[in-house]
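The values are calculated or read from the model by the stated rules, or taken from the named source; none is laboratory data. Values in this document were obtained by computation on a predicted structure and should not be read as measured data. Using ideal geometry, Cβ is built from the backbone for each residue, glycine included, and neighbour counts are taken over all protein chains shown. Accessible surface is based on the protein model in full, side chains and every heavy atom, while ligands, DNA and RNA are left aside. Shrake-Rupley method; radii C 1.70, N 1.55, O 1.52, S 1.80 Å.
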Amino acid sequence: SIGHVVSRETENLQVPYYVDKNFEKNYQGAELQELEKTVEKDYIDYIQTSCWKEKQQTELEIMFFTIFKSFKHKN
């Protein structure tokens with residue numbers, strides 16, 4: 001059966017990824033390095049996006065509570 005069943009980590013950043021049982025037959029040397037660069041780039045992009053979203057959410061919450069607090073003090 002074909003599926004992503006084997007867990008691996010990239011050599012450089014130790015980013016986990018999953019591959020087929022026959023992966024090592026198909027990816028070696030430069031091809032493996034290129035694939036792992038892509039895995040790491042995708043992971044970094046994901047982390048950066050997640051951090052950006054979290055930062056935006058925090059800034060919105062601070063803004064909301066600041067407005068709410070000033071509104072509450074006026075009444």
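Trypsin sites (Lys or Arg not before Pro), restricted to segment 1-41: which are DSSP loop and have at most 11 other Cβ atoms within 10 Å?
On the way: sites: R8, K21, K25, K37, K41; in loops: K21.
Here no trypsin sites (Lys or Arg not before Pro) fit, given the DSSP loop and packing criteria.
Computed about its Cα centre, the charge dipole of the chain is approximately 680 debye, with only Lys, Arg, Asp and Glu carrying charge at their Cβ. I44 exposes around 70 Å² of accessible area when a 1.4 Å probe is run over every protein chain in place. Within the shell defined by Cβ-Cβ distances under 12 Å, the residues around A30 carry a net charge of -2, with Lys and Arg each +1 and Asp and Glu each -1.
Just to make sure I understand: if all protein chains stay in place, what is the order of V19, V5, V39 by accessible area at 1.4 Å, largest first? Show your work: numbers first, answer last.
Values: V19 10, V5 90, V39 30 Å².
My answer, sorted largest first, is V5, V39, V19.
According to the Kirkwood relation over distinct C-alpha pairs, the hydrodynamic radius of the chain is 15.8 Å.
Would you work out what percent of the accessible area of the chain, with all protein chains in place, is carbon or sulfur (probe 1.4 Å)? Taking all protein chains in place, the chain shows 58 percent carbon and sulfur surface. A 1.4 Å probe over all protein chains sorts K55, K74 by accessible area into K74, K55, starting with the largest. In straight Cα distance, which lysines are under 23 Å from K25, not counting same-chain residues fewer than 8 positions off? Result set, ordered by chain and number: K37.
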